[in-house]
Structures are given as structure tokens and as C-alpha cells.
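Undergrad: Take this structure, written in C-alpha cells, and hold onto it; I'll ask about it next.
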Amino acid sequence: MKEGIIIYEDAMFWTDGSGILYCKFNNKDTNSKLDYKRAKLYIRAITKLCNGQAMPFLIDVRDTRGTFSISAAKLLAKNLDLLRLRISEAFITNSLGINLLITTYKRIYNPITPFGVFNELVDAKKYSLETKSEFYGSN
């Protein structure tokens, strides 16, 4: 069940009762590049949905094509709001090219945030819940 949802032409963001921020990207254009302006738009959506609560980000990029600009990559990695809200990142992918893009981005721009790359939603969600539990402490 989705509690809050924000939809754009090529992306959707939402939260549910699990305390995970979900991001689903659905760009099919291999020539597309996420730019700084669109990255700022996505950050506003994420901060609104998180409402001040730190959460793991589960990012579904299955069947997504394209890349990102250097300025967008730096903004997503270094934005202070995201740094406060992002516990971890679990990426779901089914493409070697996108997998390489993610690992390169993480190595160059954001080596600090814990992350995992998965083929299945269930594994990404398990990782997200585990990092959330570690962050907040087991109850």
C-alpha cells in the first residue's frame, strides 16, 4: 500500500508503511541524460515524501536506459538534505550497463552511503529493512 506518491513522466517516488523510500525510473531512451534541473526536482520529491525521517532508498532501474550529467551526479551524492535522509541505497537492475553505471557512480561520487545492487525486489527490500534496523537499532 502506497502512503505518499509523486509521479513524473519518467520517474515515480513513494513511501509505504515499511519506512522505505521507493524510486522507480522508467526511461527507455538510451540517449537520455539526467540533468541538474531534473535532479533538483527529484530531490524535492524525496524530501517531501521522507518528511524529515531518514529512510533507506530502494531504487528500481530495471529496463531503464540513459545516464546522468556530472552536475546531476554530484548534486544527488552531496545534497545535504539527501545526506540526512538517506540511510542506504538498494538498486534493482537487470542490465549489465546500468549495473556498471551504478558502481561507477558510487565509487566516484558517493562512496560513503552503504549500497547494494540486486536482481530481485525481495532481496533489495530485505537489504533496505536490515540497514534501517541497524540505523535505528533493533527493537
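Undergrad: Compare Asn31, Asn94, Asn79 in a GNM of the chain, Cα atoms joined below 10 Å, and give the one with the largest fluctuation.
TA: Comparing Asn31, Asn94, Asn79 in a Gaussian network model of the chain, the most mobile one is Asn31.
Undergrad: Straight-line reach from Lys74: which aspartates and glutamates have Cα under 12 Å away, leaving out those fewer than 8 places along the same chain?
TA: Within reach: Asp35.
Undergrad: At what distance in nm do the modelled label points of Lys74 and Leu121 sit from each other, each positioned 7 Å from its Cα along Cα→Cβ?
TA: 3.6 nm
Undergrad: Using a 1.4 Å probe on the protein chains only, how many percent of the accessible area of the range 1-124 belongs to carbon and sulfur?
TA: 55 percent
Undergrad: Ok, one more. Leaving out ligands and nucleic acids, and using a 1.4 Å probe, what accessible area per residue does the chain come to in Å²?
TA: Each residue of the chain exposes 57 Å² on average to a 1.4 Å probe.
Undergrad: How far apart, in nanometres, would the label points at Leu83 and Tyr109 be if each is projected 7 angstrom from Cα along the Cα-to-Cβ direction?
TA: Reported label-point gap for Leu83 and Tyr109 is 1.6 nm.
Undergrad: In what order, largest first, do Glu120, Glu9, Glu134 sit by accessible area if the probe radius is 1.4 Å?
TA: Glu9, Glu134, Glu120
Undergrad: A further question follows. Mind running the shape call on the range 2-83? Use the C-alpha gyration tensor, a ≥ b ≥ c as the square roots of the eigenvalues: rounded below 1.5 for a/c, prolate if a/b tops b/c, oblate otherwise.
TA: Oblate shape, in that a/c is at least 1.5 and b/c is the bigger or equal ratio.
Undergrad: What distance in nm separates the two pseudo spin-label positions at Asp35 and Leu100, each 7 Å out from Cα along the beta-carbon direction?
TA: Roughly 2.6 nm, to one decimal.
Undergrad: Hey, what do the phi angles of the range 40-56 turn into as Karplus ³J(HN,Hα) couplings, whole Hz, using 6.51/-1.76/1.60 and θ = phi - 60°, x for Gly and Pro?
TA: After applying 6.51 cos²θ - 1.76 cosθ + 1.60, I find 4, 4, 5, 5, 4, 5, 5, 5, 5, 5, 6, 6, x, 9, 5, 9, x Hz.
Undergrad: In terms of Cα to Cα distance under 22 Å, which lysines are near enough to Lys126, apart from those fewer than 8 places away along the same chain?
TA: Qualifying lysines at Cα under 22 Å: Lys2, Lys24, Lys106.
Undergrad: When DSSP assigns beta bridges and you keep just the ones with both residues in the chain, what percent turn out antiparallel, to the nearest 5?
TA: In the chain, approximately 40 percent of DSSP beta bridges are antiparallel ones.
The values are calculated or read from the model by the stated rules, or taken from the named source; none is laboratory data. What you see is a predicted model, and the numbers here were worked out from it, not measured in a lab. Backbone-built Cβ (ideal geometry, glycine too); neighbour counts: all protein chains shown. Just the protein is used for accessible areas: all its heavy atoms, side chains included, with ligands, DNA and RNA removed. Shrake-Rupley method; radii C 1.70, N 1.55, O 1.52, S 1.80 Å.
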